[in-house]
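The next block holds one structure in the form of structure tokens; read it before the comments.
The values are calculated or read from the model by the stated rules, or taken from the named source; none is laboratory data. In this text, all values refer to a predicted model and were calculated from it rather than measured experimentally. Cβ: placed from backbone, ideal geometry, glycine included. Neighbour counts: every protein chain shown. Protein only, heavy atoms only, side chains kept; ligands, DNA and RNA dropped before computing areas. Shrake-Rupley method; radii C 1.70, N 1.55, O 1.52, S 1.80 Å.
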Amino acid sequence: MTTSPSAEDAAGRIARLREEIEEHNHRYYVLDEPVLSDAEYDAMLRELQGLEREHPELVRPDSPTQRVGAAPADGFGEVTHGQPMLSLDNAFDADELREFDRRVRERLGVASVAYVGEPKLDGLSLSLRYEDGLLVQAGTRGDGRVGEDITGNVRTVRSVPLRLRGERIPARLEVRGEVVIRRQDFEQLNAGRLEQGERPFANPRNAAAGSLRQLDPQIAARRPLTLFAFGVGECSEPLGEMHWQVLEQLGAWGFRVNREIRRLDGLDACLAYYNDLLGRRDSLDYEIDGVVFKVDDLAQRQTLGFTARAPRWAIASKLPAREATTRVRRILPSVGRTGAITPVAELEPVEVGGVTVSRATLHNLDELRRKDVREGDTVMVRRAGDVIPEIVSVNTEFRPVGVESWQMPERCPVCDSEVIRPEGEVDYRCIGSLQCPAQLKESIRHFASRRALDIEGLGDKVAEQLVDTGLVQELADVFRLDRQRLLGLEGFAEVSAGNLVAAIEARRQVPLERLLYGIGIPGVGADTARLLADQVGDMDYIRRAPAVLFSLIPGVGRSMGEEIHTFFTDEANARGVDRLLREIELVSENGFSPDYVASLTAGEIVAALGISGVGLGPKRARELGSKVTYLTDLMGLASQRLQAGGVDVQGLRQQLEERAPLFEEVDALLIEKCLHWATDRGGAQIRGGGGSSSTLAGRSFVLTGTLESMTRDEAKARIEAAGGKVTGSVSGKTDYVVAGEAAGSKRRRAEELGVAILDEAALLDLLREAAG
Ligand code: IVH
């Protein structure tokens with residue numbers, strides 16, 4: 001007999017998981033005090049996802065699984081703010097701040113005013129609407145009265161509570177705040193983009209604003225956005241007498257409130273606060289462009305009121321700009337590792353925020369055209385944090401006469417290969433590949449870099465020399481260098497040449513993930529390389545596998561799967577990799593990874609193929625896949641077995657036929673791979689989506705308690721003989737828990753996780769079925 005938890009048990013477990021996950025989110029994203037490891041967190045989230053999949057009727061919009069639920073939109077709707085989102089007046093120096101304080105005191109008729117000082121964050125301002133504590137809408141500022149509805153994106157921001165915590169929840173509430181990307185997150189984000197061959201963001205503000213303007217919430221979900229709440233718009237109940245109390249209340253509801261916010265008594269305290277923040281500007285982990293002073297007493301605010309655009313009770317004291325004016329000497333095309341050509345402006349050196357800047361990237365031709373930067377132009381450059389300086393704008397008043405707009409060269413300035421713009425891409429590319437010295441230099445530098453082969457002594461300058469002298473014409477040549485040749489290069493002596501040769505020799509044995517990262521597959525960063533190495537574990541297999549098999553690895557996805565496949569099927573790349581493999585020895589290849597094999601059921605592969613337009617969603621695809629052991633078997637299925645509510649059988653058949661060659665390829669690879677696995681582990685049966693002859697193939701069992709008719713060892717042997725596997729602990733991946741007499745904690749764990757529990761008779765039935 002099979003028992004699974006009733007909806008009631010599941011509801012309880014789901015509620016508990018949600019609470020724990022949200023508590024963790026709050027600790028991690030709001031309080032900066034994580035207590036769980038990522039693995040523990042992931043396990044809870046996966047368990048919740050599993051339970052919600054089994055009980056779709058229990059899914060709620062405020063479940064942590066629903067943060068990325070929304071589908072990509074065609075455009076944004078409108079949001080009408082309950083109370084207008086106003087702007088702030090600025091004070092550009094201490095005198096203007098003094099003047100503000102004087103006006104406030106005069107209007108209120110008091111000698112001194114209590115203010116609250118807040119960092120003015122440089123991000124995107126948002127209004128979040130809560131109804132009975134549930135987040136129902138999120139909008140941008142827009143014109144202050146009507147903004148854009150970006151609810152789907154904002155729901156992905158972990159510091160935004162989907163449901164307010166705690167008590168005193170008003171029926172209607174608008175929370176105002178600023179979304180930013182923190183400096184550290186920004187650096188990581190840009191490093192990742194560079195690694196993937198993508199264009200880095202110019203500054204955190206652009207990155208934050210751009211992320212929230214994405215039509216696909218999946219993209220926003222991957223950006224490290226943080227919301228800092230700083231006020232309240234419309235609210236159905238009064239929240240206190242002071243702004244300070246409102247901020248405290250926001251904190252209690254689960255919002256992140258800036259820790260630098262202070263109560264300040266009178267003007268002098270404000271000036272001191274300003275100077276303090278100015279001095280610490282660079283050590284704050286977010287960008288600020290000013291300090292906001294707000295009258296604390298809400299009744300006093302009422303008295304002061306508003307002008308047309310801004311409240312009379314607040315002012316933004318601007319911090320000194322990180323911008324400066326200079327002139328563009330020349331615009332030069334610069335060729336990157338993947339061949340992308342970036343226009344770079346060579347500037348007359350200028351000091352910006354304490355650093356001399358002489359180059360600024362223009363990112364790509366679109367950006368250059370948008371800003372219309374020309375040689376000789378007078379431009380405003382900005383430096384934010386340690387980010388690459390960017391050109392903010394051009395002052396066309398000072399444009400020299402007769403300067404045409406800059407043109408992308410038709411041929412690569414370095415190797416004279418053709419320059420193309422691949423369809424759908426923003427970047428122009430030199431097609432010279434490693435024949436192009438610029439790309440070769442960058443590739444060698446990347447190949448030798450820390451997370452790749454980590455060859456000490458092979459940096460920018462040496463890579464340049466190696467290419468310029470023709471010593472290295474492809475990556476494999478790095479391993480053909482010897483002391484003699486290096487001694488011919490400028491700057492090399494006996495010792496340094498010997499050291500470099502030794503450093504290279506030491507890397508002839510290299511872990512697979514480092515090699516995969518080092519060869520520079522477009523889009524494959526160090527993390528993806530590790531996933532490939534961990535999950536697939538075998539270079540030969542990776543080189544031959546169809547894209548769909550990569551896309552089944554969580555975290556890789558379809559388009560990256562295609563990139564990997566395309567890279568290895570390119571003839572020149574394949575030859576280069578062949579030659580490289582002759583020079584090195586891969587260590588720490590996992591061989592065929594059993595987890596990956598076990599995860600590749602026909603059902604998932606069918607789902608990942610994206611058969612479209614015939615009513616076959618991922619769930620049905622998995623059902624369909626579970627009817628066969630091999631993909632090619634799908635073609636032989638009778639029509640009534642293909643039939644599942646609403647599926648267009650004719651259309652489906654046609655699409656299956658079209659994929660026949662791919663199916664054969666996948667089947668062959670899987671059989672080969674699984675045979676290896678089976679031989680390695682002495683297993684008998686290999687894989688299956690549940691075909692008639694191997695019901696237990698790929699199924700995992702946990703045995704607990706005492707069985708009557710056999711010992712646990714015997715049960716284990718029989719399950720394995722039928723293709724199943726037996727493991728020691730119950731997890732979300734366990735298919736069955738066999739519970740004998742006096743089964744204890746494992747049985748309880750199975751109940752919690754919703755894993756099917758078999759008694760001895762049910763196990764015997766299964767074994768008989770598998771044998772017959
Ligand atoms: S109060 C009516 N507080 O600055 C009060 N604004 O120039 C309006 N901002 O659109 C805003 N940090 O996006 C306030 N601590 C802070 C802020 C802040 C950043 C932004 C906000 C607003 C703009 C006003």
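Annotations for the structure displayed:
- There is at least one residue in segment 510-526 that is in contact with a His (Cβ under 9 Å, 6 or more places away or on another chain) and among the small types (Gly, Ala, Ser).
- Number of positions in segment 128-160 that are open to solvent by 10 Å² or more (accessible area, probe 1.4 Å) and more than 16 Å from ALA220 (Cβ to Cβ): 10
- Candidate set: segment 370-403, residues that are out of contact with any strand residue (DSSP E or B) (no Cβ under 7 Å at 6 or more places or on another chain) and under 30 Å from GLN188 (Cβ atoms); chosen: the one modelled with the highest pLDDT: ARG370
- Among all positions in segment 468-481, there is no residue which is open to solvent by less than 10 Å² (accessible area, probe 1.4 Å) and modelled with pLDDT under 95.
- Odd one out for GLN184 among (1) open to solvent by 40 Å² or more (accessible area, probe 1.4 Å); (2) outside any helix (DSSP H, G or I); (3) away from the ligand (no atom under 15 Å from the Cβ); (4) under 29 Å from ARG263 (Cβ atoms): (2)
- When residues in segment 202-217 are screened for being open to solvent by 50 Å² or more (accessible area, probe 1.4 Å) and farther than 14 Å from VAL154 by Cβ, 2 of them pass.
- Those residues of segment 235-258 which are at pLDDT below 95 and within 16 Å of the ligand (Cβ to nearest atom), in sequence order: LEU239
- Only a single criterion out of (1) open to solvent by 60 Å² or more (accessible area, probe 1.4 Å); (2) in a helix (DSSP H, G or I) is not satisfied by ARG199, namely (2).
- Looking across VAL419, VAL414, VAL401, one residue alone is in a loop (DSSP other than H, G, I, E, B) and touching a residue at least 12 places away in the same chain (Cβ under 8 Å). It is VAL414.
- Taking each residue of segment 109-124 that is among the aliphatic types (A, V, I, L, M) and looking for partners that are in a loop (DSSP other than H, G, I, E, B) and at pLDDT 95 or above with beta-carbon atoms closer than 6 Å, six or more apart or interchain, yields ALA114/ASP296; VAL116/ASP296.
- Given (1) open to solvent by 20 Å² or more (accessible area, probe 1.4 Å); (2) within 16 Å of the ligand (Cβ to nearest atom); (3) outside any strand (DSSP E or B); (4) of a type outside the set (Phe, Trp, Tyr), index of the condition ALA299 fails: (2)
- Filter pass, ARG223 being outside any strand (DSSP E or B), within 15 Å of the ligand (Cβ to nearest atom) and within 22 Å of ARG256 (Cβ to Cβ): no
- Odd one out for PRO119, checked against (1) away from the ligand (no atom under 15 Å from the Cβ); (2) part of a strand (DSSP E or B); (3) open to solvent by less than 20 Å² (accessible area, probe 1.4 Å): (1)
- Cβ-Cβ distances below 9 Å connect the following pairs, each with a first residue in segment 34-50 that is closer than 14 Å to ARG18 by Cβ and surrounded by 15 or more Cβ atoms within 10 Å (Cβ to Cβ), a second residue that is modelled with pLDDT of 90 or more and among the charged types (D, E, K, R), and a separation of six or more residues or different chains: MET44/GLU20; GLU47/ARG13; LEU48/ARG13; LEU48/ARG18.
- Helices (runs of 4 or more DSSP H) fully within segment 451-557 counting 2 or more residues that are without any contact (Cβ under 8 Å) to a residue 24 or more places away in the chain: 460-468, 483-487, 494-505, 526-535, 547-551
- Flag if GLU78 is more than 16 Å from the ligand (Cβ to nearest atom) and within 30 Å of SER127 (Cα to Cα): yes
- Of the residues making up segment 1-39, those that are at pLDDT below 85 and assigned to a helix (DSSP H, G or I) are ALA7, GLU8, ASP38, ALA39.
- ARG176 being open to solvent by less than 40 Å² (accessible area, probe 1.4 Å), touching a strand residue (DSSP E or B) at 6+ places or on another chain (Cβ under 6 Å) and of a type in the set (Lys, Arg): yes
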